[in-house]
């Protein structure tokens with residue numbers, strides 16, 4: 001479990017235990033509800049280990065959830081492809097780097113809080129935008145806050161080097177994560193598929209000249 005889980009989960013859990021131990025009969029239901037709430041919050045902030053695929057050229061999902069968008073999309077006049085993953089409240093909310101490389105830019109963009117399942121959330125909601133240099137070119141991925149998730153937390157900064165599948169942050173209580181890839185990427189997931197952050201492959205990149213020569 002990530003550290004943030006203790007701050008959110010311990011208060012209702014302890015309050016519930018006190019209500020059950022010292023309260024009157026009328027407080028039993030409330031105490032039980034507080035205990036269950038605390039346990040749910042602990043579950044929400046779980047941080048499981050994942051087996052990261054090692055094959056060259058793979059792009060892994062940045063988050064657990066359901067694929068809601070696979071489409072061609074330009075960024076700054078560059079052709080590319082976007083995969084969007086919606087994280088329901090029961091999913092693991094720790095986010096991971098889709099590929100190895102260096103974070104060249106990290107931008108916080110204030111915005112609105114539309115439901116994270118909505119397409120306009122990708123452009124109008126509050127978000128952290130990672131631009132990362134990789135051996136296959138530049139990729140961009142976003143932590144996007146939603147209607148319930150009002151804060152995206154990143155554990156990285158500009159200039160950091162990350163490994164494929166490395167933990168980079170989390171978004172609290174229901175959210176969305178987008179990843180944009182260069183146009184030559186071969187997307188291997190479809191809308192409606194469930195994916196796991198760090199272990200599910202969402203795309204393959206063509207071999208580089210160095211890959212072929214080696």
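All of the numbers you see were taken from the coordinates with simple rules; none came from a lab. Keep in mind that this is a model prediction, so the values were computed, not measured. A quick note on method: Cβ atoms are made from the backbone with ideal geometry, for glycine too, and the neighbour counts reach across all protein chains shown.
Structure notes:
- Neighbour-count ranking [beta-carbon atoms within 10 angstrom, fewest first] of 175, 200, 118: 118, 200, 175
- Modelled this way, with points 7 Å down the Cα-to-C-beta line, the labels at residue 120 and residue 107 are 2.1 nm from one another.
- Principal semi-axes of the equivalent ellipsoid, √(5λ) from the alpha carbon gyration tensor of the stretch 58-206, are 20, 17, 15 Å from largest down.
- Packing-based order for 161-168, 100-107, using average beta carbon neighbours within 10 Å, highest first: 161-168, 100-107
- As a rough footprinting exposure proxy, the listed residues 22, 108, 141 were ranked by other beta carbons within 10 Å of their own, and the order from fewest upward is 22, 108, 141.
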